[in-house]
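Peer 1: Can you keep this structure in mind? I'll have questions shortly.
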Amino acid sequence: MSAPLLQVSDLKVHYGHIEAVKGINFELREGQITTLVGANGAGKSTTLLALSGLVKKAAGRVVLDGQDLTKMSPHKIVSSGMVQVAEGRATLTTLTVQENLELGAYSRRDKGNRAADLDYVYGLFPVLKDRAGGLAGNLSGGEQQMLAIGRALMAKPRVLLLDEPSMGLAPIIVQDIFRTLRDINQAGLTIFLVEQNVRQALKISDRAYVLETGSIILEGTGRELLVNPRVQDAYLGS
Ligand SMILES: Nc1ncnc2c1ncn2[C@@H]1O[C@H](COP(=O)(O)OP(=O)(O)O)[C@@H](O)[C@H]1O
Ligand SMILES: [Mg+2]
């Protein structure tokens with residue numbers, strides 16, 4: 001059994017009078033894919049924003065491998081190794097694909113072997129290599145999602161956070177993206193995925209938590225939750 005890499009305790013986030021996240025506890029184990037699933041408005045994005053330091057926490061603690069990130073600024077959180085894939089696959093459309101990837105490495109203290117990292121990303125997403133010199137704005141939605149993931153990988157994260165990478169993509173592209181997440185994970189990266197696409201997400205998850213109106217109501221392995229009657233009724237249409 002792998003040790004917890006990230007521990008989140010009693011996390012609360014409020015927007016004015018709205019309690020979007022109501023004191024949740026979860027952990028990410030090293031080398032695993034952990035998923036937070038839930039309906040629209042459940043508080044999934046808010047949870048990720050709180051981890052990344054982009055919304056204020058009303059309470060709680062976030063500890064990455066013994067280091068307390070709770071009060072850190074967003075850029076320090078990134079350089080501590082927790083990197084969120086840009087939302088809405090917000091790539092910089094007027095830069096080339098390769099320039100976008102190179103920007104991903106910008107936050108790294110250790111610049112490492114950038115050429116090898118580029119090769120790794122191009123190996124995962126050969127289509128990006130084919131289009132390396134083209135403008136990111138000319139990529140399809142699926143390719144832009146790949147670029148956003150590739151750019152986050154260039155920061156050499158210890159934990160990769162993704163907010164609904166499947167949103168708005170055709171089913172065949174979604175499968176591609178999820179398969180690639182599995183590959184990245186099998187290469188050793190710890191992943192925290194937030195998804196409304198419950199079936200596909202649970203299929204690739206080692207562990208998962210179900211979030212309903214700001215509270216975690218169930219947890220288990222991906223397989224356990226896929227066959228859980230409550231999950232099936234509420235999220236799997238069966
Ligand atoms: N910036 C905001 N200001 C006020 N309320 C917000 C804001 N962002 C989200 N909310 C509310 O917080 C709750 C959780 O939203 P969100 O985290 O976006 O859920 P999810 O990502 O699961 O769809 C919802 O009720 C939403 O309307
Ligand atoms: Mg959301």
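Peer 1: Highest mean first, how do 190-201, 222-233 rank when packing is the count of other Cβ atoms within 10 Å averaged over residues?
Peer 2: In decreasing order of mean packing, 190-201, 222-233 become 190-201, 222-233.
Peer 1: Then there is this: Check the chain and count each lysine pair with an alpha-carbon distance under 23 angstrom, considering only pairs eight or more places apart or from different chains.
Peer 2: 25
Peer 1: Using +1 on the beta carbon of Lys and Arg, -1 on that of Asp and Glu, and nothing else charged, what's the dipole of the stretch 89-156 about the Cα centre, debye to 20?
Peer 2: Its charge dipole is roughly 200 debye.
Peer 1: What ranking do 171-184, 207-220 get when scored by the average of other Cβ atoms within 10 Å per residue, highest first?
Peer 2: 207-220, 171-184
Peer 1: Could you state the orientation-averaged shadow area of the convex hull built on the Cα atoms of the chain, in nm² to one decimal?
Peer 2: Over all viewing directions, the chain projects a mean Cα-hull area of 12.7 nm².
Peer 1: Using the Kirkwood radius over Cα pairs, work out the Stokes-Einstein diffusion coefficient for the stretch 89-156 at 20 °C and 1.002 mPa s, in µm²/s as a whole number.
Peer 2: Taking Rh from Cα pairs, D becomes 187 µm²/s.
Peer 1: For the peptides 140-148, 66-74, what is the packing order when you average, over each peptide's residues, the other Cβ atoms within 10 Å and list the highest mean first?
Peer 2: 140-148, 66-74
Peer 1: Follow-up. Can you work out the Karplus-derived ³J(HN,Hα) for every residue in the stretch 68-74? Use 6.51 cos²θ - 1.76 cosθ + 1.60 with θ = phi - 60°, whole Hz, and x for glycine or proline.
Peer 2: Working through the residues one at a time gives 7, 9, 3, 9, 6, 6, x Hz.
Peer 1: Under 5 Å between amide H atoms, partner at least 5 residues away or on a different chain: which partners does Leu95 have, H built in plane at 1.01 Å?
Peer 2: Sorted by chain and number, the residues that satisfy this are Ala136, Gly137.
Peer 1: Can you tell which of Leu51, Leu139, Leu28 shows the greatest fluctuation in a Gaussian network model of the chain with Cα springs below 10 Å?
Peer 2: Highest fluctuation among the options: Leu139.
Peer 1: Need one number: nm distance between label points at Gln200 and Ser79, each 7 Å from Cα along Cα→Cβ, rounded to one decimal.
Peer 2: 3.6
Peer 1: In degrees from 0 to 90, rounded to the nearest 10, what is the angle of the helix 114-124 Cα long axis to the longest principal axis of the chain?
Peer 2: Approximately 70 degrees, to the nearest ten.
Peer 1: If you count the DSSP beta bridges with both ends in the chain, what percent of them are antiparallel, to the nearest 5?
Peer 2: 60
Peer 1: OK, next. For every helix of n ≥ 4 consecutive DSSP H residues, a contribution of -39,500 (n - 2.57) applies; sum these over the chain, divide by its total residues, and give [θ] at 222 nm rounded to the nearest 500 deg cm²/dmol.
Peer 2: -10000 deg cm²/dmol
Peer 1: Further question on the same structure: Could you give each residue of the stretch 147-159 its phi-based ³J(HN,Hα) in whole Hz, using Karplus coefficients 6.51, -1.76, 1.60 with θ = phi - 60°, and x for Gly or Pro?
Peer 2: 5, 4, 5, x, 5, 5, 5, 5, 7, 6, x, 8, 9
Peer 1: Let me ask you something else. Evaluate the relative contact order of the chain (contact order divided by residue number), counting alpha-carbon pairs under 8 angstrom at least 6 apart; express in whole percent.
Peer 2: 27
Peer 1: Using amide H atoms built 1.01 Å from N in the peptide plane, name the residues 5+ places from Val55, or on other chains, whose amide H lies under 5 Å from its own.
Peer 2: Under 5 Å from the amide H of Val55: Ala50.
Quick note: the coordinates plus some simple rules give every number you see, no bench work behind them. Since we're looking at a predicted model, the values are computed, not measured. With ideal geometry, Cβ positions are generated from the backbone for all residues, glycine too; neighbour counts draw on all protein chains shown.
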